[in-house]
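The values are calculated or read from the model by the stated rules, or taken from the named source; none is laboratory data. Keep in mind it's a predicted model, so treat the numbers as computed, not measured. Positions of Cβ are generated from backbone atoms using ideal geometry, with glycine treated the same way; all protein chains shown enter the neighbour counts.
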Amino acid sequence: MQNTLPLTSMRRITVTGAIILLALALAACGFQLRGAADLAFKNLYIQGSKLSISRDLARSFKTNGVQVVDKADDAELLLELLSESNQKRIQSLSGGGLVREFELIYLLNFRVRYANSPTWGPVQTIRGRRDFSYSDDALLGKAEEEARLNSDMRNDAVRELLRRLTSIKPPTDQK
């Protein structure tokens with residue numbers, strides 16, 4: 001029996017079918033790209049210490065259509081970055097007393113208030129935690145892995161801060 005379609009057409013049909021099946025599988029599992037955050041304010045003033053996440057945070061606000069202003073009087077919402085800290089703890093030791101596993105912890109403390117409100121909200125803490133195995137034999141690789149994990153925790157903290165800000169609604173004026 002002779003095949004009526006050339007080999008390249010068969011490959012094209014197979015690849016197209018595979019792509020369609022993959023798209024259907026992703027849609028069926030609920031996968032959705034991260035969209036813009038639904039923030040209730042359009043401009044923001046950031047005060048407090050200059051932290052390692054400050055630049056990434058400003059970029060995220062810009063991406064989500066929020067302008068970071070230079071004066072508190074021009075802002076609808078004030079965000080005070082109070083502190084951040086990185087901790088590294090020994091998670092486990094080998095029988096010979098060598099470190100086998102570390103725990104990395106990242107903490108970010110902040111608070112917010114609307115410009116027309118005299119009081120600050122409560123201090124909120126975002127906490128990130130990662131474990132990683134350690135070996136003196138792979139010192140450079142493990143140092144790079146630790147730096148990457150710390151960077152990932154900072155990026156996660158920025159996303160979590162945006163998520164928390166989406167839940168803040170403007171105060172209603174009561175007269």
What pairs can you find where one residue is in the stretch 123-140 and farther than 28 Å from N109 by Cβ, the other is surrounded by fewer than 13 Cβ atoms within 10 Å (Cβ to Cβ), and their Cβ atoms are less than 8 Å apart, with a gap of 6+ or different chains? D136/L98
Report yes if some residue within the stretch 145-152 is under 22 Å from F110 (Cβ atoms), surrounded by fewer than 15 Cβ atoms within 10 Å (Cβ to Cβ) and either β-branched (V, I, T) or at pLDDT 85 or above (or both); otherwise report no. yes
Any hit, the stretch 111-125, residues being closer than 25 Å to L149 by Cβ, outside any loop (DSSP other than H, G, I, E, B), at pLDDT below 95 and in contact with a Leu (Cβ under 7 Å, 6 or more places away or on another chain): no
Confirm whether L57 is crowded, with 16+ Cβ neighbours inside 10 Å and in a loop (DSSP other than H, G, I, E, B). no
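From the list R154, R164, R127, R159, which residue is among the basic types (K, R) and over 19 Å from S85 (Cα atoms)?
Values: R154 fails: over 19 Å from S85 (Cα atoms); R127 fails: over 19 Å from S85 (Cα atoms); R159 fails: over 19 Å from S85 (Cα atoms).
None of the other options fit; the residue is R164.
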Please work out which residue is farthest from A72 (Cα to Cα), limiting yourself to the stretch 106-144 and to residues that are surrounded by fewer than 15 Cβ atoms within 10 Å (Cβ to Cβ) and under 19 Å from the mean Cα position of the chain (by Cα). D131
Which count do you get for residues in the stretch 68-99 that are surrounded by 12 or more Cβ atoms within 10 Å (Cβ to Cβ), free of Cβ contacts under 8 Å to residues at least 40 places away in the same chain and farther than 20 Å from I53 by Cβ? 3
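Determine, yes or no, whether L107 is on the phi < 0 side of the Ramachandran plot, in a strand (DSSP E or B), among the aliphatic types (A, V, I, L, M) and touching a Lys or Arg at 6+ places or on another chain (Cβ under 8 Å). Spell out how you get there, then give the answer.
Working: on the phi < 0 side of the Ramachandran plot: yes; in a strand (DSSP E or B): yes; among the aliphatic types (A, V, I, L, M): yes; touching a Lys or Arg at 6+ places or on another chain (Cβ under 8 Å): yes.
For L107, the condition - on the phi < 0 side of the Ramachandran plot, in a strand (DSSP E or B), among the aliphatic types (A, V, I, L, M) and touching a Lys or Arg at 6+ places or on another chain (Cβ under 8 Å) - is met.
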